[in-house]
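Report on the structure given below.
The values are calculated or read from the model by the stated rules, or taken from the named source; none is laboratory data. Keep in mind that this is a model prediction, so the values were computed, not measured. Cβ placement follows ideal geometry from the backbone for every residue including glycine, while neighbour counts extend to all protein chains displayed. In case anyone asks, the SASA skips ligands and DNA or RNA and just uses the protein heavy atoms, side chains included. Shrake-Rupley method; radii C 1.70, N 1.55, O 1.52, S 1.80 Å.
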Amino acid sequence: MVQKSRLPVLYGAPVLAVLLLPCLVAGVELAINNRSESHSLLTEPGYEASLWCTVQNNSGAEELRWYRDNKTVSMTDGNKMNQSNICILPVAESDNGVRFTCKLVRNESMQLSVTLDVRFAPRLSGEDPAPAEEKSDVSLTCNVNSNPQAHMVWYKDNSSLSLEKGRYQIHQTSEVFQLTIKKVQKSDNGTYTCEATSVLGRETKEFHLTVTDKKPPFPLEAIIAAVVVVLLTIIFGIVARWEKIFKVTKVSVHQKTQWAQHSYCWEKALFNLRVIGEGGGEVQHNTAVASRT
């Protein structure tokens, strides 16, 4: 009977321990800066933000791990058990919206997060557009960085811009305030000012727009240059051909002169032969008489 009574006890002890384990884990809680729910932390650029994560209702040592968004934060060994602290120094504008999460290593489903709410005055940036031809479209892009979000307005030459329907379009997001002008005219020349205003301050940024005359479909300068090249080519061709013709003409005249001289000599020779053949004695006689004389 004794042996039979001991058997259930031996198997019952492990079962009891397994049943109690979820209860022990479920009782553990996390807190960041003494708050047991995820929340936002209001701060400003240049300040220090300190986050303390603690384990509550735990019966033993619990290891903690920090994440900056989805990346693990490197921690020292002495800054992991039951209580862990991270410090952001100095806080920057780029830290706005960053989420820091503390997790229980043994059970990462137990976690708590803090999102940084970094407040700063508006910051504007942008570049002047390239000179625009008449009848073309042009956009002025004003980049804005502000928390809280600023109220945005466009001005032209220090006066409120009258947004003519169909010609002006406004595109706005949390980071961009863009003005698009359709089919610009010479009257659109001027200085455009992007203004951002929030409870923390006011900022302006100027953009200079230059509208030029509409160029012809084919560049006039290129056409003139092409015509000049063609004309010069024709002139040089004519000059070269004229020189060739002149040389040929000169050679022809010279050849004709030589032929005339040769013909004269042949005719004279034939004449002398004919005279000698018909009356050679008389010629010799005349020649002899002339010699004596």
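Observations on the structure shown:
- Gain in span if fully extended, Asp77 to Val153, counting 0.36 nm per residue against the direct Cα distance: 22.1 nm
- Per residue accessible area of region 122-212, 1.4 Å probe, in Å²: 56 Å²
- DSSP-defined antiparallel bridges as percent of all bridges, region 122-212, nearest 5: 95 percent
- Calculated FRET value between Ile224 and Gln172, using beta carbons and R₀ = 41 Å, to 0.05: 0.30
- Burial ranking of peptide ranges 227-237, 47-57 (average Cβ count within 10 Å, highest at the top): 47-57, 227-237
- Summarising the amide proton neighbourhood of Val138: residues at separation of 5 or more, or on other chains, whose placed amide H is nearer than 5 Å comprise Ile181, Lys183, Val184.
- Backbone geometry of region 136-142 corresponds, through the Karplus equation with coefficients 6.51, -1.76 and 1.60 at θ = phi - 60°, to 3J(HN,Hα) couplings of 9, 9, 9, 10, 10, 10, 9 Hz, x marking Gly and Pro.
- Taking amide H as placed 1.01 Å from N in the peptide plane, the amide H of Tyr168 sits under 5 Å from that of Lys182, each at least 5 places away or on another chain.
- Theoretical gain in end-to-end length, Ser162 to Leu200 [0.36 nm per residue, Cα-Cα removed]: 10.9 nm
- When each of Lys156/Lys215; Lys156/Lys183; Lys80/Lys103; Lys186/Lys214; Lys165/Lys214; Lys165/Lys215 is checked by Cα-Cα distance, pairs over 19 Å: Lys156/Lys215; Lys165/Lys214; Lys165/Lys215
- For region 122-212, carbon and sulfur atoms together expose 43% of the accessible surface, with a 1.4 angstrom probe and every protein chain in place.
- When region 28-137 is reduced to its Cα atoms, the Kirkwood hydrodynamic radius in Å: 16.0 Å
- Share of carbon and sulfur in the accessible heavy-atom surface of region 26-118 [1.4 Å probe, %]: 44 percent
- Residue-by-residue Karplus 3J(HN,Hα) for region 73-82, coefficients 6.51, -1.76, 1.60, Hz, glycine and proline x: 8, 6, 10, 7, 4, x, 10, 10, 8, 6
- Normalised radius of gyration (Cα atoms, divided by 2.2 N^0.38 Å) for region 91-194: 1.60.
- From phi via Karplus (6.51, -1.76, 1.60), per-residue ³J(HN,Hα) for region 198-207 in Hz, x at Gly/Pro: 9, 5, 9, x, 9, 9, 10, 9, 9, 10
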